[in-house]
Structure formats: C-alpha cells, structure tokens
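Worksheet: the structure to be examined is printed underneath.
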Amino acid sequence: MNRLAKFVFPVSMILSASAMADSLQLTSKDIAHGNFMSKTQEFQGFGCSGGNASPQLSWTGAPKGTEAYAVFAYDPDAPTGSGWWHWQIVNIPKNVTTLVAGAGDATKNLLPDGTVSTKNDYGASGFGGACPPPGHGAHRYQFTVFALSKKLELPKDASPALTGYLVRANALASSTIEALYKRD
C-alpha cells in the first residue's frame, strides 16, 4: 500500500467541512482579528526581545463528530516563499475548549494531556512568537483552531507541511483570528 494512500480522504469530507465552517468560533482575551499583537507575543531571539507567549485561545460550536482539536499559528507574509509556522499542536482532547496564555511554552507543561506539539519553523517544539524582519511592514498571524474527526497519528518529527495536510484532511470545521505584528 502506498504510504500516503491511507491519508486520502473523500470529497464529501471537504464539502462537509465547508458547510459547517461557520459554527466553530475562535476567541481570545489577548489577540483580536485585524489588531496588532502586543510584545508579549513577540519571539525572543533572532533579534526580537518579546515575551514569546502564546495567546489565550477559546472556541465554541464544535460540529457533531468532533474527536479532537488542532491549533496552528502561521505567518503567510514571512519572506521565505512558504510562510512561517509559529505553532502547530494536534490531538487536543475533545472536551478541552480553552488554552491558557503561555500554553505554548514547552517548558511549562500547560498543554492538555495527549496534545502533540510539533516543531515550529524556529526548530523548537512549542510556540515561537512573531518576529518579522524590521521595516518589512505588518505581517498577518493566523491563529486557527480545527475541529478534527479523529485523533491523528503523526510520524515522529512530522514536517509542518505534513501536519498541515493531515489536519486539513481530517478537519470538520475551522475558525481563524488573524492578528498583526510589525517591527520598525
């Protein structure tokens, strides 16, 4: 059997995810859609000196059949040709609907049991804050929660692209807050 064959999903799953996308709602006490994030969410390193704390996130309205959640933080404006993955966590238990501020700090063990944190594009597990190049203008930071139809079996050291593919292949719905950040 082809290694990727087990990851193929029916077109009906895509359609059902689109149809239910409006029910799941992501909110935060720390970030807001279209607003600039604080220095608390800025990375510490690469010339940045922020708090490197993931924002508080909560969600409601999971569709029927939700078995787990995933949360991503992604910058599509990073000058890499492929954006920048700041955070990817999967297999958040289905009864969890809130992540506390700072939950992305791998040293604090604040993620719910069973949650898997993959490596970000800084090369570390956990949340890596915003750090756009100085003078590059405002970057968009997309914080997205996905309701998943099942817990995922990720290969050890899965790439961000593979993680993104598997999450989207098993997503019933998603909701995004797109916050902004820039360094002058």
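List the lysines whose Cα lies under 18 Å from the Cα of Lys108, skipping any in the same chain that are fewer than 8 positions away. Answer for Lys108, where 18 Å is the Cα cut-off: Lys119, listed by chain and number. Rg and Dmax of segment 21-181, both derived from C-alpha coordinates alone, stand at 14.6, 45 Å. A simple rule links phi to the HN-Hα coupling: the Karplus curve 6.51 cos²θ - 1.76 cosθ + 1.60 with θ = phi - 60°, which for segment 44-58 gives 10, x, 6, x, 9, 9, x, x, 6, 9, 5, x, 5, 9, 9 Hz, with x for Gly and Pro. In the chain, taking the dipole from charged Cβ atoms about the Cα centre, the farthest positive-side position among Gln56, Pro155, Thr107 is held by Pro155. Cross-link partners of Lys64 among aspartates and glutamates, defined as those whose alpha carbon lies under 18 angstrom from its own and excluding same-chain residues fewer than eight positions apart: Asp22. Normalising by residue count, segment 54-126 has a Cα convex hull of 100 Å³ per residue.
The mean sequence separation of alpha-carbon pairs under 8 Å and at least six residues apart, normalised by the residue count of the chain, gives a relative contact order of 29 percent. Close amide H pairs (under 5 Å, H built 1.01 Å from N) link Ser125 with Asn120, residues at least 5 positions away or on another chain. Taking the Cα centre of each part, how many Å lie between segment 150-184 and segment 73-125? Distance between centres, Cα-based: 9 Å.
Where does the chain land at 222 nm, in deg cm²/dmol rounded to the nearest 500, when only DSSP H runs of n ≥ 4 count, each adding -39500 (n - 2.57), divided by all residues?
-3000 deg cm²/dmol
Counting only residues at least eight positions apart within a chain, or on another chain, the aspartates and glutamates with an alpha carbon under 17 Å from that of Lys182 are Asp30, Glu42, Asp75, Asp77.
Here's how it looks for Asn170: its modeled amide H is under 5 Å from none belonging to a residue 5 or more places away or on a different chain. So which chymotrypsin sites (Phe, Trp or Tyr not before Pro) in segment 84-127 end up in coil per DSSP with only 16 or fewer other C-beta atoms within 10 Å? The qualifying sites: there are none.
Backbone amide hydrogens, once placed in the peptide plane, bring Cys131 within less than 5 Å of Phe43, excluding anything fewer than 5 places away on its chain.
Every number in this text was worked out from the coordinates using simple rules, so none of it is lab data. Computed from a predicted structure; not experimentally measured. Virtual Cβ from ideal backbone geometry, glycine too; neighbours counted across all protein chains shown.
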